[in-house]
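The structure appears below as structure tokens.
The values are calculated or read from the model by the stated rules, or taken from the named source; none is laboratory data. Note that the structure is predicted; figures quoted are calculated from it, not measured. All Cβ positions, even for glycine, are placed from backbone atoms using ideal geometry, and neighbour counts span all protein chains on display.
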Amino acid sequence: MAKRELLGLYEEANEAGDAVEGLRDAGFPDTDVEILSSTPYPEGAFGEPKVEHRLYTFPFAGAAIGMTAGIFWLVSAQMSLPLITGGKPIVAVPAVFQILYEGTMIGAVLFTVLGVIFESRLPDGIGLYDKRIVDGYIGVTIRASEDDLLRARETLERAGAIDIINNEGSIMGAGTPQGA
């Protein structure tokens with residue numbers, strides 16, 4: 001069954017926190033609730049659980065892959081045309097430090113960028129949004145099945161939502177639409 005979204009708009013942070021708590025008490029999972037705000041509130045200010053991320057693993061993986069690729073490239077290039085000069089080894093370690101460093105750093109940077117995109121859920125797209133969020137309103141988005149949509153709407157209204165917007169963009173609350 002496909003899930004639909006509702007967006008409740010609130011003027012105060014306490015009301016948005018009450019909405020999150022009410023949705024949790026109504027049996028909606030925390031993964032289906034999202035807070036939208038233009039103000040940087042501290043994590044957990046609305047009662048939402050702390051989001052665990054794995055961003056720190058991406059630079060380490062990228063650095064390991066970059067260094068491995070650099071070693072493979074340097075050793076294979078020097079072994080494919082072995083020029084012995086003055087009795088020095090074919091693969092001279094001091095000469096390859098700079099190249100290995102650069103390969104390690106570029107791998108770490110590229111994987112960090114990919115990690116930020118992955119951890120930010122950017123490929124998922126943007127759900128419901130209202131232009132009034134930029135003006136200081138706080139949005140609480142809930143994804144619910146058709147059967148639970150009415151219960152979610154009632155929970156958002158009880159918390160004091162000014163407007164409630166659904167997937168079709170229609171305003172379901174008492175306020176005047178300014179940017180749905």
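For region 36-57: of the residues being loosely packed, with under 13 Cβ neighbours inside 10 Å and of a type in the set (S, T, N, Q), which is nearest to Glu119 (Cα to Cα)? Out of the qualifying residues, it is Thr57.
Out of the residues in region 25-35 that are part of a loop (DSSP other than H, G, I, E, B) and surrounded by 15 or more Cβ atoms within 10 Å (Cβ to Cβ), state the one that is nearest to the chain's Cα centre (by Cα). Looking at residues that are part of a loop (DSSP other than H, G, I, E, B) and surrounded by 15 or more Cβ atoms within 10 Å (Cβ to Cβ), I get Phe28.
Residues that are outside any helix (DSSP H, G or I) and of a type in the set (Gly, Ala, Ser) were ranked within region 95-133; the one that is modelled with the highest pLDDT is Ser120.
Within the set Thr141, Thr85, Thr104, the sole residue that is of a type in the set (Val, Ile, Thr), more than 21 Å from the chain's Cα centre (by Cα) and buried (at least 17 other Cβ atoms within 10 Å of the Cβ) turns out to be Thr104. The one condition from (1) in a strand (DSSP E or B); (2) over 30 Å from Ala152 (Cβ atoms) that Leu9 does not meet is (2). With respect to being of a type outside the set (D, E, K, R) and not in a helix (DSSP H, G or I), Pro59 falls outside the description.
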